[in-house]
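Worksheet for the structure shown next.
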Amino acid sequence: MAGFETHLSSERVTTIVMGDSGSGKTSLIGTLANAGFNVRIIDFDNGLDILNSVLTEGGKARTSFISLRDPTEGRAEAMMTAKKLILGSWKDGDEDLGKLSDWTMNDVLVIDSGTFMGSAAKKAALTLTGSRNLYEALTQPQWGEALRQVENVLDYITQPHLPFNVVMTCLPIPVDDDMERTKVYPYCVTKNFSMNVLPGYFNNMVAIKSRRDGSRVIQTVSDLRMDLKVTRPDMVPAAIEPDLAKLFGALRGDTQEWEDIKPKRAS
């Protein structure tokens, strides 16, 4: 019988990074490239400018991105293009990174962000049903098509046998429960999908939290306002410095990464 340590999921990292606009989600991506990962970004947000000041020269050489944004009217192509890159082959002009199934554990697929991917899926659903007004209200079948578009992508990129890592950033959305308590979830397409479906695709879900002194940390443990998770709670403190590369190291079992980081997760 094979041991758990031989399963690809013991090395592969899939995570949602949730945070408000401007909280530093995109900057975190740069820490992966600077640490030696090959980072491939599908940019739905058109907000990668900050990476110019974050990436080292080596980090820039290891970072590829394709920006996808639909027009205000006409045909929506962003979601369809993303699906071709993910389900087919990553080709953009002279750059050909091949099929994702041929990537390695040193490669990271980044969807920045899942929130705007959901918006692109809604517009794709309108286009597929013949609408040229990309801002009109969706019918029930169109909502279903938008969800199907997103689930097709998520179902593929989070398959446990695939040899690459996945990071998806998301904006938070507040939702009131039956007891009038407000919790936040990573927003994609609909509130129900964000609450009940999206988190199940990812093994890890963390959030960027601002402290009173203006500094930021990655929060890895749940609180009254949000449900978070990591695959190695024994290795990862409750709040860590904003460095995804070190988080990857901890999730892969590198204990040295967090030797001096506090506070530790409650037992």
Practice task
State which residue pairs qualify: first residue over 21 Å from L162 (Cα atoms) and inside the range 77-90, second residue surrounded by 17 or more Cβ atoms within 10 Å (Cβ to Cβ) and aromatic (F, W, Y) in any location, beta carbons under 8 Å apart, and separation of 6 or more residues or different chains.
Solution key: A78/F44
Problem - Residue match in the range 202-211 (condition: part of a loop (DSSP other than H, G, I, E, B) and more than 22 Å from G114 (Cβ to Cβ)) - result: yes
Practice task
Determine whether the range 25-46 contains at least one residue that is under 18 Å from N152 (Cα atoms), in contact (Cβ under 8 Å) with a residue 12 or more places away in the chain, in contact with a strand residue (DSSP E or B) (Cβ under 7 Å, 6 or more places away or on another chain) and hydroxyl-bearing (S, T, Y).
Solution key: no
Practice task
For the range 2-23, state whether one or more residues are among the aromatic types (F, W, Y) and touching a residue at least 12 places away in the same chain (Cβ under 8 Å).
Solution key: no
Handout entry: Options E57, E95, E73: the member that is out of contact with any His (no Cβ under 7 Å at 6 or more places or on another chain) and either within 30 Å of N133 (Cβ to Cβ) or of a type in the set (V, I, T) (or both)
Key = E73
Handout entry: Residues located in the range 209-243, provided they are within 20 Å of the chain's Cα centre (by Cα), among the hydrophobic types (A, V, I, L, M, F, W, C) and farther than 25 Å from P174 by Cβ
Key = V236
Handout entry: Hey, E57 under 24 Å from V153 (Cα atoms), over 17 Å from the mean Cα position of the chain (by Cα) and acidic (D, E) or not
Key = no
Practice task
Kindly establish whether K122 is touching a residue at least 40 places away in the same chain (Cβ under 8 Å) and surrounded by 22 or more Cβ atoms within 10 Å (Cβ to Cβ).
Solution key: yes
Handout entry: Flag if Y187 is modelled with pLDDT of 90 or more, within 26 Å of R40 (Cβ to Cβ) and surrounded by 21 or more Cβ atoms within 10 Å (Cβ to Cβ)
Key = yes
Practice task
Inspect all residues belonging to the range 141-161 and state whether any of them is touching a residue at least 12 places away in the same chain (Cβ under 8 Å), touching a Cys at 6+ places or on another chain (Cβ under 8 Å) and either polar (S, T, N, Q) or within 16 Å of L228 (Cα to Cα) (or both).
Solution key: no
Exercise for the section: Determine whether S194 is farther than 20 Å from G253 by Cα and out of contact with any helix residue (DSSP H, G or I) (no Cβ under 9 Å at 6 or more places or on another chain). Expected result: no
Fill in the blank from the handout: Of the conditions (1) surrounded by 15 or more Cβ atoms within 10 Å (Cβ to Cβ); (2) under 17 Å from the mean Cα position of the chain (by Cα); (3) at pLDDT below 90, the single one that E77 does not satisfy is (2)
Exercise for the section: Answer yes or no: is there a residue in the range 128-138 that is part of a loop (DSSP other than H, G, I, E, B), out of contact with any Ser or Thr (no Cβ under 6 Å at 6 or more places or on another chain) and within 30 Å of E11 (Cα to Cα). Expected result: no
Exercise for the section: Could you please find all residues in the range 164-180 being over 22 Å from S119 (Cβ atoms) and either part of a strand (DSSP E or B) or in contact (Cβ under 8 Å) with a residue 12 or more places away in the chain (or both)? Expected result: F164, N165, D176
Completion exercise
Conditions (1) modelled with pLDDT under 90; (2) outside any helix (DSSP H, G or I) -> K246 fails only (2)
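The values are calculated or read from the model by the stated rules, or taken from the named source; none is laboratory data. Keep in mind the model is a prediction, meaning the values are calculated, not measured. Cβ coordinates were reconstructed from backbone atoms using ideal geometry, including for glycine residues, and neighbour counts include every protein chain displayed.
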